[in-house]
1. Only one of these conditions is not met by L84: (1) free of Cβ contacts under 8 Å to residues at least 40 places away in the same chain; (2) within 23 Å of W202 (Cα to Cα); (3) of a type in the set (A, V, I, L, M, F, W, C). Which number is it?
2. Is it the case that some residue within the range 160-167 is polar (S, T, N, Q), more than 26 Å from I47 (Cβ to Cβ) and either out of contact with any strand residue (DSSP E or B) (no Cβ under 8 Å at 6 or more places or on another chain) or part of a helix (DSSP H, G or I) (or both)?
3. Quick check on A13: is it touching a Phe, Trp or Tyr at 6+ places or on another chain (Cβ under 6 Å), touching a residue at least 12 places away in the same chain (Cβ under 8 Å) and part of a helix (DSSP H, G or I)?
4. When you scan the range 92-106, how many residues do you find that are surrounded by 11 or more Cβ atoms within 10 Å (Cβ to Cβ) and out of contact with any Gly (no Cβ under 8 Å at 6 or more places or on another chain)?
5. Could you please tell me which pairs satisfy a Cβ distance under 6 Å, a separation of 6+ or placement on different chains, a first residue in the range 271-298 that is within 15 Å of L255 (Cα to Cα), and a second residue that is open to solvent by less than 30 Å² (accessible area, probe 1.4 Å) and among the charged types (D, E, K, R)?
6. Would you pick out the residues in the range 314-328 that are assigned to a helix (DSSP H, G or I) and either touching a Phe, Trp or Tyr at 6+ places or on another chain (Cβ under 6 Å) or surrounded by fewer than 16 Cβ atoms within 10 Å (Cβ to Cβ) (or both)?
7. Select from the range 27-75 the residues that are under 21 Å from V125 (Cβ atoms) and touching a residue at least 60 places away in the same chain (Cβ under 8 Å) and list them in ascending order.
8. State all residues of the range 178-218 that are among the polar types (S, T, N, Q), open to solvent by less than 60 Å² (accessible area, probe 1.4 Å) and either touching a Cys at 6+ places or on another chain (Cβ under 7 Å) or assigned to a helix (DSSP H, G or I) (or both); if no residue qualifies, say none.
Amino acid sequence: MTTPPSAFFLVGAATAYFTLSATQILFCKNRNRLQTTLGWIFVLWAILNLKDIILVFPEYNNKETIKYILLIDGWSIITYYIFLYELTKHKWTTWRKVLLFCLPFAVFSIIYIVFPTNIVLNTYVVFLWLCAAAFFVIGFVKSKKYIKYIHDNYSNIDEIDISWLKYMFFFAFLEQSLYFINAYSYNSLIDILYYASAIGMWQIARAYGTTLKPINIIEPTVTPKEMESKGYSFAGNIEKKVQGEELYLNKDLTLTDLAKAIGTNRTYLSDYFCNHKHTTFYDYINQLRIEQMAIPMIQQHPEYTVEYVASESGFKHVSTFRRAFTKLMGKSPSQYRSELGLT
């Protein structure tokens with residue numbers, strides 16, 4: 001069995017990538033918990049890639065060695081779960097939880113070392129397939145719940161949004177699919193694609209995860225029955241408060257801030273937006289920013305740049321302004337200005 005030089009090159013490139021990334025992240029003094037978690041994940045992936053160097057030596061480049069490599073590679077799925085949980089639930093990761101995740105993988109590894117049969121290995125692959133399937137289901141549910149939470153509680157989500165996870169899931173699905181193919185029919189080309197997809201997946205995590213600001217998700221403190229019995233005593237006043245005092249111009253306005261301003265519970269207020277106004281806090285505030293400030297500014301001051309209009313309207317980032325404007329008006333700010341004949 002021979003492995004092409006390109007595969008060995010990619011093994012070295014992947015090992016170097018994860019090693020350098022881990023070093024850069026872990027030696028950053030101002031890193032947060034998510035970044036620390038990601039740094040140690042990169043350390044593990046550097047080790048997982050480094051072990052494949054053994055295939056360079058002809059005496060070890062055989063089917064039995066590859067089976068053990070596949071056994072060890074299966075542990076990588078643990079890193080998916082750790083990253084996902086730390087991402088969607090701040091301060092989740094502890095050594096105890098990590099060790100509990102490792103336990104079934106350790107059991108399978110020990111069993112295979114003692115009884116190196118295809119039955120054990122095939123059972124392990126089925127177990128990994130179930131773990132991967134569960135990851136995608138859990139990841140979809142958790143990310144959807146997280147995104148709903150930030151839309152319900154924040155007016156500026158650029159630094160806390162995790163909608164980019166869908167790209168990471170794509171590479172994770174590709175990487176796991178390639179792993180399962182290799183588990184039954186080893187192919188050097190598949191192996192190359194496996195390394196490439198792993199790098200792509202974790203590069204996305206690094207690009208977005210290292211700049212993400214962690215948030216603490218606050219669970220509701222009021223039961224649905226209590227909300228039903230109390231009603232929305234602040235209904236009507238909230239619109240006057242937000243528009244009259246131009247609270248929507250606060251770039252970092254949160255649902256908690258607004259709840260304090262009108263003297264109510266954030267849970268009542270969140271339920272009000274969801275069930276009474278049928279919108280999210282994020283969309284409600286951004287709609288006011290556009291209707292009350294952005295559109296009048298565009299109409300009255302065609303000389304203003306889109307960046308300036310966005311900033312003066314309460315948006316922290318012009319990209320968010322463009323997305324919100326297009327969603328509300330069905331056209332971009334530039335297109336809107338052009339149709340008014342202001343360009």
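1. (1)
2. Checking the range 160-167: at least one residue is polar (S, T, N, Q), more than 26 Å from I47 (Cβ to Cβ) and either out of contact with any strand residue (DSSP E or B) (no Cβ under 8 Å at 6 or more places or on another chain) or part of a helix (DSSP H, G or I) (or both).
3. No, not satisfied.
4. Narrowing the range 92-106 to residues surrounded by 11 or more Cβ atoms within 10 Å (Cβ to Cβ): 92-93, 97-98, 101-102, 104-106.
Pick out the ones that are also out of contact with any Gly (no Cβ under 8 Å at 6 or more places or on another chain) and you get 92-93, 97-98, 101-102, 104, 106.
Final tally of qualifying residues: 8.
5. If the second residue must be open to solvent by less than 30 Å² (accessible area, probe 1.4 Å) and among the charged types (D, E, K, R), the pairs left are T280/D152; F281/D152.
6. Those that are assigned to a helix (DSSP H, G or I) and either touching a Phe, Trp or Tyr at 6+ places or on another chain (Cβ under 6 Å) or surrounded by fewer than 16 Cβ atoms within 10 Å (Cβ to Cβ) (or both): S319, F321, R323, T326, K327.
7. W45, N49, N62, K63, I66, L70, D73, G74 - these are the residues of the range 27-75 that are under 21 Å from V125 (Cβ atoms) and touching a residue at least 60 places away in the same chain (Cβ under 8 Å).
8. We begin by selecting, within the range 178-218, every residue among the polar types (S, T, N, Q); these are 182, 185, 187-188, 197, 203, 210-211, 216.
Add one more test, that the residue is open to solvent by less than 60 Å² (accessible area, probe 1.4 Å), and what stays is 182, 188, 197, 210.
N182, S188, S197, listed by residue number.
The values are calculated or read from the model by the stated rules, or taken from the named source; none is laboratory data. Computed from a predicted model, the values in this text were never measured in an experiment. Cβ coordinates were reconstructed from backbone atoms using ideal geometry, including for glycine residues, and neighbour counts include every protein chain displayed. Note: accessible area is taken over every heavy atom of the protein model, side chains too, but ligands, DNA and RNA are not part of it. Shrake-Rupley method; radii C 1.70, N 1.55, O 1.52, S 1.80 Å.
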